[in-house]
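The values are calculated or read from the model by the stated rules, or taken from the named source; none is laboratory data. Worth saying up front: this structure is predicted, and the values here are computed from it rather than measured. Every residue, glycine among them, receives a Cβ derived from its backbone with ideal geometry; neighbour counts consider all protein chains shown. Remember, those area values only see protein heavy atoms, side chains included, never the ligands or the DNA or RNA. Shrake-Rupley method; radii C 1.70, N 1.55, O 1.52, S 1.80 Å.
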Protein chains: 4
Amino acid sequence: MATRSAAVHRVAMPDPGDGSGLAALLDAGALDARAIVCVMGKTPGNGLTNDHTREFATRTVAAVLAPRLGIGVDDVRARVMLLFSGGTEGILAPHLLVFSRGAAAPEAAPGPALAIGLARSRALRPNELGRAAQLDATADAVRAALADTGLADPAAVAWVQVKCPIPPPGALHGDAVAGIKKRSRAASALGVAVALGDVARGAIETDGEPIVRPDLGTRRACVTAAIDSARVDVMVLANAPEWRGDFQVGSTALADMLDAPAVAGLLRRLGLGATPQLTPAERTRLVGAILKGDPPADGRLRDAASVMLDDSDIHAIRHYRAALGGMLGALTGDSHVYLSAGAEHQAPTGGAVLALIARRH
Amino acid sequence: MATRSAAVHRVAMPDPGDGSGLAALLDAGALDARAIVCVMGKTPGNGLTNDHTREFATRTVAAVLAPRLGIGVDDVRARVMLLFSGGTEGILAPHLLVFSRGAAAPEAAPGPALAIGLARSRALRPNELGRAAQLDATADAVRAALADTGLADPAAVAWVQVKCPIPPPGALHGDAVAGIKKRSRAASALGVAVALGDVARGAIETDGEPIVRPDLGTRRACVTAAIDSARVDVMVLANAPEWRGDFQVGSTALADMLDAPAVAGLLRRLGLGATPQLTPAERTRLVGAILKGDPPADGRLRDAASVMLDDSDIHAIRHYRAALGGMLGALTGDSHVYLSAGAEHQAPTGGAVLALIARRH
Amino acid sequence: MATRSAAVHRVAMPDPGDGSGLAALLDAGALDARAIVCVMGKTPGNGLTNDHTREFATRTVAAVLAPRLGIGVDDVRARVMLLFSGGTEGILAPHLLVFSRGAAAPEAAPGPALAIGLARSRALRPNELGRAAQLDATADAVRAALADTGLADPAAVAWVQVKCPIPPPGALHGDAVAGIKKRSRAASALGVAVALGDVARGAIETDGEPIVRPDLGTRRACVTAAIDSARVDVMVLANAPEWRGDFQVGSTALADMLDAPAVAGLLRRLGLGATPQLTPAERTRLVGAILKGDPPADGRLRDAASVMLDDSDIHAIRHYRAALGGMLGALTGDSHVYLSAGAEHQAPTGGAVLALIARRH
Amino acid sequence: MATRSAAVHRVAMPDPGDGSGLAALLDAGALDARAIVCVMGKTPGNGLTNDHTREFATRTVAAVLAPRLGIGVDDVRARVMLLFSGGTEGILAPHLLVFSRGAAAPEAAPGPALAIGLARSRALRPNELGRAAQLDATADAVRAALADTGLADPAAVAWVQVKCPIPPPGALHGDAVAGIKKRSRAASALGVAVALGDVARGAIETDGEPIVRPDLGTRRACVTAAIDSARVDVMVLANAPEWRGDFQVGSTALADMLDAPAVAGLLRRLGLGATPQLTPAERTRLVGAILKGDPPADGRLRDAASVMLDDSDIHAIRHYRAALGGMLGALTGDSHVYLSAGAEHQAPTGGAVLALIARRH
């Protein structure tokens, strides 16, 4: 196999119906549409049940890509992993992260550099959602995606991005929607944990539903539930010696909503200072931030009461995203974060996991 | 005049109907109710028009203080400056800041130390709100409060906390409520600016309404509008050589919502590191944080679009408080901030002003 | 026992901190405070977890009543059933319904007329909430309240108003709050159903939690959960031949959210036309309206989809109250309804129950 | 000109991305896509600034129509008047109203029957929005649309549906968005009033902005602001002797939010009883309902306070739509209403205007 190279581009997309930013990137020749393997997007909806901006943005992106790929709009999803999360509360900015890969140019910087591996599970049946079948299908897909990078050791994986299925809108209502989302994410997160060796398969009871034990899980995954596919999509990110290019990835776990020291530590590992904040020059090197976490379930943060969970006007997750965006922004000086809640088996209780993608220099 | 000393105590108050935290502080002998000059509180409401938690908490605090002061519940407001702001979005924690002063104990640490000066204007008539009469009455009250500290030079003032009047609930509706709040805060903020020498009185047109020019103003004030008094209440905070005690105050301006370096600079001036965050030991020295600011009016933060101003489900100010609470918390590790929007003539456009009160060691 | 008489007065209370309307009613001599047995109130909060207007209004009413009863403010709750529900969406108006009773004046109109019976259970332990112990304690209280009216036959009961306990704020968070409210209301509603003979005690499994079967229940109760008592408070309303006075009560069930014919039928039974709406003169005879119901759980209303249950910005119950208030108002021309959701075992699925209290002429 | 006939079809559209209902109608042969002149839709967004469901649904409908019209998706808007309003609070159901017209079939019922006239203004420049130029351009378009029906007398017009331009999203923020929407609607509403003879052109000052005088206006229009065109689109509805077919239209004004008698009167004029509610058989004859109105600006409804205007968690307009939907539904038994706020110069203060389209038998 020829030496490969991966890249990540960030594009502003303030309006879910406006794909002109992505079109401009492609038309400028900075990126060949055929190299794109995944587009993650943060849209300005509420990020909850009735957030139509996710599907709207998905179609907008598909409409930009289809003619450039020479395929129909409805066929784009099957070729490119499209993964949208709503909710740009506080300082958070709606944007796209465009992942691409291909044969490395001769002049590409030698590795280790960002590697991207991809895989997709079989279609799951509705009664498999949230159960052992989903867990095992996800684990298989993670193993295939790892193999796709050419890496052998799961320890080398920095991050696994997963899109898992839930039933279409209208099929369920109210609390039932939240319930199936939670169970689907949980099953796929445990699947990642098993494939990465973070949890032994035998530790998980699977006759019925996957167990929900916050003490089990991985700290290298972000699982998002989506309505538009019955398959589990997996993208593995790692820094691989055999890959070349300008990008690197790192990840860390945050112990609670104010764990700025963990963030600063990760920035340092990527060669970025935060004393307390990245300089404008350093900021241009930070391309992507992906955070997964949840508000503390006991309504306490350190020595104080939080009222997020008891606010019936604003969903706790919206409080959470706004606060975490500010917390991260204090250190990065930046407002582009793919910040998503629903961290079952992914983050410590009340904490979070964070991946950063940065230019190497 | 005997040497004086001032103190600030922080008390958790998760529920606006629960005064037991304040009662416990007083009953433990840590503080004599008769020394209290001001209670500022952050309550868990929405901080907007129909936030009844402010008045509810005011009455709860008054009910705790009244028997300990030997006066009626309805007389507490006339004796103690009670100043509540709603909105504890994100990590922000509902709490009270209790300001007190009295003759310094012989063993009190020598100054310079926190000094507190107080004054109250005459009652304003409804047609004076937002106009020159309010501006000048506020300026007079600030001068009187400065004199009350024993300091002569306005340059020594770190912070001026102001409570300005607005009409009672039900008198106005919808946009009209926001309008009169804005004009009342603007007039009093300009009054502070004039008294502190930050703006020349002659630069302000006053035949009609005070002008709204973001380029004029002070950076050392926090003005909050309240329904329960027709007077302007003023509390001046400074570090004075003649005062003794354990507390100090500092203030700074933030250029935008992510100006963490300004916060870190202020922490350093108070002897507190933030690399990137205060240690637990340092955190115990941080007693109070007061922030005043507004979302950027053009919907832009640095190089990105923000959707705060266009979110019709969550008021922009609630986005703002959640994000700023996270930003500050990244550096302080703490979630207690009296964080209030409506910064006319107080903060730079899109920025904020911040006061911190800390133990000296 | 002397012949008795009951009355219901309605008082506007737009602000939960303003008791002047109630004070004016009492000071005008229209009502003796010592005759008051229950005050129900609709407050302008969100009616959900963090609605502090309920407790605020409770204290405001207690502060009005205490001096007039010659007791302490904290003792009012033990003497008068205080029952507040938040949420005045749409046209709904915040108000109080003041229930009183006493010896009938000689000139009082002969019965049948409104009768009020009262009873209160023992204090329930936390682990009894939502279980058989609460069911049976409620049933006993209903029987006692019925006996208190002097009536023997449960068939004569038009309505049973119940206040049932839930843990205090802060004890639980998020979904857990909704869960315990639901179970507490369910247990007390089944208790009413058993006492009224609408459900056989033997039909209910009680080893663990009361069963939740929408097919079992009563159609003559409104159960509201409250934080401020560990007891179950019961008020029975009926039209009794032995009681005298100007008031009557009636109740009905609505099959769905648009069952205006059922409402019109009840109005007619009370001597009030609705063709389609009460005349202004008829409207003055309508004193109180109490409605209990829930949005349809399947998200369907007749032949159409409703999105109430999927709206993550506005709680379904707030949609519901606004819509039902409009529906009732179309027929009554009035906006005062004590409209409360959480109708477990009280209303048909997707439907509601309604009590109206009207002057007899 | 051959005798013409018009029709209105209602299609459920619960999800703004799902055009299958419309496609099914067309594919069943019930309606020829080439006969469609207007599609109005109610979408399940918040109906406010950041409601992306309107544009999303517009594109979905365009994608259904384009292949059936043999034109490009982007060309559909120029051929068919597409007019979407967000907000299906309470019982309101998301749906489409599809207006079509063509040569009358020989067997079509003789008139008078529903007539539809169409016209479109020139493109307005941004600085013409809300000013005399927009007023006059709208008036010209209304006159042209009236002529298009073949009717001569403006008195015969039952309803004028208008789509007026506002700047695209992102061009303005916060209060400025509401301001320009209001002024654009006002100018076009006055244009309708002038064209219909309801207001004399000379009574309106037009040097600067159109005056805002609630006492001037028409009671036969619904004006909606939209981002996707710089032109004013006009559709006139009337019952014309020369038109044939199964449909009729009527309109009325409501004096306040509870004016059910006005609604009942209009239903009777259309041959539909409401005692108090349409029977299921009558309900099938009611095809479309369009309501335009606003909450009362003084926060009062009849003798009671409303808190809609002071609710900072739910926009007053969302309260309004939920309540009015319930009020109308009480009489019609139906939940399909194109219910839109922003009734400048269209409805009486605190009231509304209503058009109903019904089958003639």
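The residue list C:285, C:302 contains one member that is among the basic types (Lys, Arg) and either touching a helix residue (DSSP H, G or I) at 6+ places or on another chain (Cβ under 7 Å) or closer than 18 Å to residue D:334 by Cβ (or both), which is C:302. Contact annotation: residue pairs with Cβ atoms under 7 Å, 6 or more positions apart or on different chains, pairing a residue in segment C:170-198 that is within 14 Å of chain A (Cβ to nearest Cβ) with a partner that is among the polar types (S, T, N, Q), are C:177/C:49. Cβ-Cβ contacts under 7 Å between residues 6 or more apart (or on different chains), taken from a first residue in segment B:333-354 that is in contact (Cβ under 8 Å) with a residue 24 or more places away in the chain and within 14 Å of chain A (Cβ to nearest Cβ) to a second residue that is polar (S, T, N, Q) and in a loop (DSSP other than H, G, I, E, B), are listed as B:333/B:277. Of note, residue B:175 satisfies the criterion of being among the acidic types (Asp, Glu) and within 30 Å of residue C:15 (Cβ to Cβ). Can you name the condition, by its number, that residue C:216 falls short on among (1) in a helix (DSSP H, G or I); (2) modelled with pLDDT under 95? Every condition holds for residue C:216 apart from (1).
Where the second residue is open to solvent by 20 Å² or more (accessible area, probe 1.4 Å) and assigned to a helix (DSSP H, G or I) and the first is in contact (Cβ under 8 Å) with a residue 40 or more places away in the chain and lies in segment D:14-37, which pairs have Cβ atoms under 7 Å and are six or more apart or on separate chains? Correct list of pairs: D:17/A:55; D:19/D:63; D:26/D:68; D:31/D:25.
Please indicate, with yes or no, whether at least one residue in segment B:299-310 is more than 7 Å from chain A (Cβ to nearest Cβ) and of a type in the set (Ser, Thr, Tyr). Within segment B:299-310, none of the residues are more than 7 Å from chain A (Cβ to nearest Cβ) and of a type in the set (Ser, Thr, Tyr). Among the numbered conditions (1) more than 14 Å from chain B (Cβ to nearest Cβ); (2) out of contact with any helix residue (DSSP H, G or I) (no Cβ under 7 Å at 6 or more places or on another chain), tell me where residue D:33 comes up short. The number of the failed condition is (2). A single entry from A:58, A:53, A:88 fulfils the requirement of being within 14 Å of chain B (Cβ to nearest Cβ), in contact with a Phe, Trp or Tyr (Cβ under 9 Å, 6 or more places away or on another chain) and either β-branched (Val, Ile, Thr) or open to solvent by 10 Å² or more (accessible area, probe 1.4 Å) (or both): A:53.
Screening residue B:323 on (1) among the small types (Gly, Ala, Ser); (2) over 22 Å from residue A:42 (Cβ atoms); (3) within 11 Å of chain A (Cβ to nearest Cβ) shows it passes everything except condition (2). Of everything in segment B:72-85 that's open to solvent by 10 Å² or more (accessible area, probe 1.4 Å) and free of Cβ contacts under 8 Å to residues at least 40 places away in the same chain, which residue is farthest from the other protein chains (Cβ to nearest Cβ)? Only one residue tops the list, namely B:79. Among the residues of segment D:110-150, the one identified as in contact with a Lys or Arg (Cβ under 6 Å, 6 or more places away or on another chain), open to solvent by 10 Å² or more (accessible area, probe 1.4 Å) and modelled with pLDDT under 95 is D:111.
Here residue A:358 qualifies as touching a Lys or Arg at 6+ places or on another chain (Cβ under 8 Å) and more than 30 Å from residue A:200 (Cβ to Cβ). With respect to being aliphatic (A, V, I, L, M), under 21 Å from residue D:18 (Cβ atoms) and open to solvent by 10 Å² or more (accessible area, probe 1.4 Å), residue A:30 falls outside the description. Do any residues in segment A:249-269 that are more than 10 Å from every other protein chain (Cβ to nearest Cβ) and under 19 Å from residue A:214 (Cβ atoms) have Cβ atoms under 6 Å from those of residues that are of a type in the set (A, V, I, L, M, F, W, C) and in a helix (DSSP H, G or I), where the two are at least six apart or on different chains, and which pairs are they? If the second residue must be of a type in the set (A, V, I, L, M, F, W, C) and in a helix (DSSP H, G or I), the pairs left are A:252/A:262; A:252/A:266; A:254/A:262. Of all residues in segment B:32-88, those being over 25 Å from residue B:171 (Cβ atoms) and over 21 Å from the mean Cα position of the chain (by Cα) number 11. Determine, yes or no, whether residue D:9 is within 8 Å of another protein chain (Cβ to nearest Cβ) and crowded, with 17+ Cβ neighbours inside 10 Å. No, not satisfied. Restricting segment D:182-197 to residues that are surrounded by fewer than 24 Cβ atoms within 10 Å (Cβ to Cβ) and of a type in the set (Lys, Arg), which is farthest from the chain's Cα centre (by Cα)? Within segment D:182-197, the match that is farthest from the chain's Cα centre (by Cα) is D:183.
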